[in-house]
Amino acid sequence: MSKAQVVLGTFYGDEGKGKIIDYLSKDADVAVRCSGGSNAGHSIEVDGKKFAFHLIPSGIFHKGTLAVIGNGVVVDPKCLIDEMNELEASGGSTENLYISEKAHIVFPYHIEMDRLLEENRGNGKIGTTIRGIGPAYCDKYERSGIRAEDLISDRLEELLTVNITNKNKIFEMYGHPTVDLQKTLEDYKKYAEILKPHITDTITLLHNALENGKKILCEGAQASLLDIDFGSYPFVTSSNPSIGGVCTGTGLAAKDIGEVYGVLKAYSSRVGSGPYVTEQNNEIGDTIRELGHEYGVTTKRPRRCGWLDLVALKYTVRLNGITGLAINHVDTIGKLPNFKLCVAYNHNGKVTTDFSTNVDFLTNCTPIYEEFEGNFGDISKCKTRVELPENARKYLDRIEELIGVPIKFIGTGAGREAMIVE
């Protein structure tokens, strides 16, 4: 039997996982998305055209690769169908797209509940994308969720009637717009007809693939510090975008997992609220944002930017059992004359390299930095690490030294081929 490869984000998302996934999926027979929903986004540039997908696995761009949306994903059918249409309009194919029959479906009442909840948080807003993701997961665990297998069954009308009736009672209580049952039913029956050929038992599909020696690539969404259990709660997502979510979101067992690649940037960024120790809420942060084009794929919100934090990285390496690092935007950080790397925290006068997602801990930490020289020049054509300028090599070597995990991928530019593979 073969082993599944895993690609995960190590910080707050937006690390450029799509680029690494795109490279690895060239040799993959199956690419599977494990968790999250249309609140996640990944950008891929193929033949000069940029795609911003939220649900379809990046591996679909490679002919012959099966693209699987696992049971851990919550699926907005309209969003998915829009992506399918975009792909087909560009000459791609959705023939190899499969959706787990156990994946939960996002409905309009989830989106409205998301909006209502966020509006009522006042100053405590989490900064959700208002895509209905959290409420969809709530229904999943409250056991009133509607799955893909229900979407294409005769049960849909009965289940929707109960759910919309109950949700509308809450909306009416708060004076919030209600959801129209008949329109929702009509829309989702149309979606069901389009998606029905793609809905299947993906657990059996994946295990059969492993047993037949096929290569599986698990695509992570969001990132480890947004994990509902291990992130900076409550400023997190609603699922487990860490290694545990790979098993629960696909049906693969721990023994089925091989290499685990952790993706990061040569600096760091975050969208939404929450503590962020190395944030540069100043001119430097603004410069990094513009150099790195740091605006959300899903929300278009400007990302908060700062220096790379090795204390947090060590935590996520431990958490996920990461075997190799993929570091993007090395070219971006190299455009600065000099930059910093956080190697430890000062927590109330005590130096530590141990991370905690406890909000009180993080708000009382100040970063301890080492400084590096930039001005790397154009490195986009470099194909080996030794071809990189000395300043860039020193930075990468220091990261490896302190984290103890090899860097396997080095992003040297925005293009698909601008990457060093070790």
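The table that follows gives values for the structure above.
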{"read-out": "Residue match in the stretch 362-378 (condition: in contact with a Ser or Thr (Cβ under 7 Å, 6 or more places away or on another chain) and more than 22 Å from G13 (Cα to Cα))", "value": "no"}
{"read-out": "Selected residue [at pLDDT 95 or above and farther than 26 Å from D114 by Cα] from K196, K189, K183", "value": "K196"}
{"read-out": "Leading residue by the ranking (surrounded by the fewest Cβ atoms within 10 Å (Cβ to Cβ)) among those in the stretch 247-270 that are of a type in the set (A, V, I, L, M) and under 12 Å from the mean Cα position of the chain (by Cα)", "value": "V263"}
{"read-out": "Failed item, numbered, when T129 is tested on (1) of a type in the set (S, T, Y); (2) more than 30 Å from T65 (Cβ to Cβ); (3) modelled with pLDDT under 95", "value": "(2)"}
{"read-out": "Residue in the stretch 393-403 that is within 29 Å of G244 (Cβ to Cβ) and part of a strand (DSSP E or B) present", "value": "no"}
{"read-out": "D201 acidic (D, E), surrounded by fewer than 21 Cβ atoms within 10 Å (Cβ to Cβ) and in contact (Cβ under 8 Å) with a residue 12 or more places away in the chain", "value": "yes"}
{"read-out": "Matching option when the condition is of a type outside the set (K, R) and more than 20 Å from the chain's Cα centre (by Cα), among E83, E88", "value": "E88"}
{"read-out": "Among (1) small (G, A, S); (2) in contact with a Leu (Cβ under 9 Å, 6 or more places away or on another chain); (3) farther than 19 Å from G16 by Cα; (4) not assigned by TED's automatic domain parsing to the domain that holds L310, the one test that A223 misses", "value": "(3)"}
{"read-out": "The stretch 147-170, residues that are surrounded by fewer than 19 Cβ atoms within 10 Å (Cβ to Cβ) and in contact with an Asp or Glu (Cβ under 7 Å, 6 or more places away or on another chain)", "value": "E149, L156, L159"}
{"read-out": "1 or more residues touching a residue at least 40 places away in the same chain (Cβ under 8 Å) and in contact with a helix residue (DSSP H, G or I) (Cβ under 7 Å, 6 or more places away or on another chain): qualifying strands (runs of 3 or more DSSP E) within the stretch 1-120", "value": "4-9, 30-33, 42-46, 66-69, 97-100"}
{"read-out": "In the stretch 371-392, residue surrounded by the fewest Cβ atoms within 10 Å (Cβ to Cβ) [restricted to those that are in contact with a strand residue (DSSP E or B) (Cβ under 7 Å, 6 or more places away or on another chain) and not in a strand (DSSP E or B)]", "value": "T384"}
{"read-out": "Test: residue in the stretch 137-146 that is farther than 27 Å from K196 by Cα, of a type in the set (K, R) and either modelled with pLDDT under 95 or surrounded by fewer than 17 Cβ atoms within 10 Å (Cβ to Cβ) (or both)", "value": "no"}
{"read-out": "Total residues in the stretch 210-231, condition crowded, with 22+ Cβ neighbours inside 10 Å and outside any strand (DSSP E or B)", "value": "9"}
{"read-out": "Matching residues in the stretch 236-274 - criterion: being closer than 30 Å to N338 by Cβ and of a type in the set (V, I, T)", "value": "V263, V271"}
{"read-out": "Number of positions in the stretch 404-417 that are at pLDDT 95 or above, part of a loop (DSSP other than H, G, I, E, B) and aliphatic (A, V, I, L, M)", "value": "1"}
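The values are calculated or read from the model by the stated rules, or taken from the named source; none is laboratory data. These figures come from a predicted structure and were not determined experimentally. Note: ideal-geometry Cβ built from the backbone for every residue, glycine included; neighbour counts use all protein chains shown.
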